[in-house]
1. In the Gaussian network model of the chain, springs joining C-alpha atoms below 10 Å, which of Ile71, Ile31, Ile153 carries the largest mean-square fluctuation?
2. If you roll a 1.4 Å probe over the chain with all protein chains in place, what percent of the accessible area is carbon or sulfur?
3. So which aspartates and glutamates pass the test for Lys160, namely a Cα distance under 15 Å, with those fewer than 8 places away in the same chain ruled out?
4. With respect to the cross-link table entries Lys22/Lys111; Lys33/Lys118; Lys93/Lys166; Lys22/Lys149; Lys73/Lys111, which display a Cα-Cα separation exceeding 21 Å?
5. With a sphere of radius 15 Å drawn around the Cβ of Asn138, what net charge do the other residues whose Cβ falls strictly inside it have (Lys, Arg +1; Asp, Glu -1)?
6. Considering only Asp97, Asp68, Asp38, give the residue with the highest GNM mean-square fluctuation for the chain, with springs between Cα atoms whenever their separation is below 10 Å.
7. Per residue, what accessible area does the chain have, given a 1.4 Å probe and all protein chains present, in Å²?
8. Pop out the Kirkwood hydrodynamic radius of the chain from its pairwise C-alpha distances, inverse of mean 1/r, in Å to one decimal.
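The values are calculated or read from the model by the stated rules, or taken from the named source; none is laboratory data. As the structure is a prediction and not an experimental result, all values here were calculated from the model. As a convention, Cβ positions derive from the backbone with ideal geometry for all residues, glycine included, and neighbour counts pool all protein chains shown. Keep in mind that these areas ignore ligands, DNA and RNA; they rest on the heavy atoms of the full protein, side chains included. Shrake-Rupley method; radii C 1.70, N 1.55, O 1.52, S 1.80 Å.
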Amino acid sequence: MNNYLKRGLSLFISFPCPICKKSLCGENEYICKDCLADLEFVKAPFCPSCGVENDGILELCRNCLKEDTRIWKKAMTLMRFEGLARELIHRFKYNNDTTLARFFGYYASEKIKSENIKPDVIVPVPLHWLNEFIRGYNQSFILSSFISKFTGIPVLKALKRPKWTKRQAKLDKRGRRQNIKG
């Protein structure tokens with residue numbers, strides 16, 4: 001929606017904050033300033049392996065130094081997975097609150113731009129068809145679509161998940177690795 005149309009419509013209808021439902025009126029305002037202040041965004045310097053704030057003087061954070069080398073060059077994390085951020089991610093992922101996709105997509109795209117990352121494509125992680133049918137949507141694809149909208153990077157559905165697996169969120173680290181083998 002272009003900004004003129006949004007401003008014009010805001011004279012007649014309000015766009016609510018997806019968190020507290022207060023009216024939003026600012027340009028590029030996807031949640032209200034009060035809710036935004038309650039979120040802890042990850043700050044530089046970042047660990048390139050996991051994307052969280054680096055807690056030491058080495059390139060990798062303390063946790064990643066104990067891990068096997070990752071196959072990617074750079075990971076990014078938008079915010080700490082605690083408090084309100086954890087609640088919002090769970091609402092988006094498990095409670096069918098797709099109104100949060102625009103907010104997550106906007107801030108993720110801003111981080112991509114600020115880090116000067118220029119991927120060729122965005123590849124969303126697929127759900128198994130049964131899980132997508134039960135959930136009713138693939139949150140990864142919806143989020144990728146918004147990031148694409150804000151960055152101009154195309155989305156490519158290049159992966160398939162032919163094997164049904166247990167939910168990764170319910171497993172420990174070892175169980176997650178076993179779960180996705182094959």
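1. Of Ile71, Ile31, Ile153, the Gaussian network model singles out Ile71 as fluctuating most.
2. 57
3. The qualifying aspartates and glutamates are Glu132.
4. Table pairs above 21 Å Cα-Cα are Lys22/Lys111; Lys33/Lys118; Lys22/Lys149.
5. +4
6. In this elastic network of the chain, the residue with the biggest mean-square fluctuation among Asp97, Asp68, Asp38 is Asp68.
7. Accessible area per residue: 69 Å².
8. 18.5
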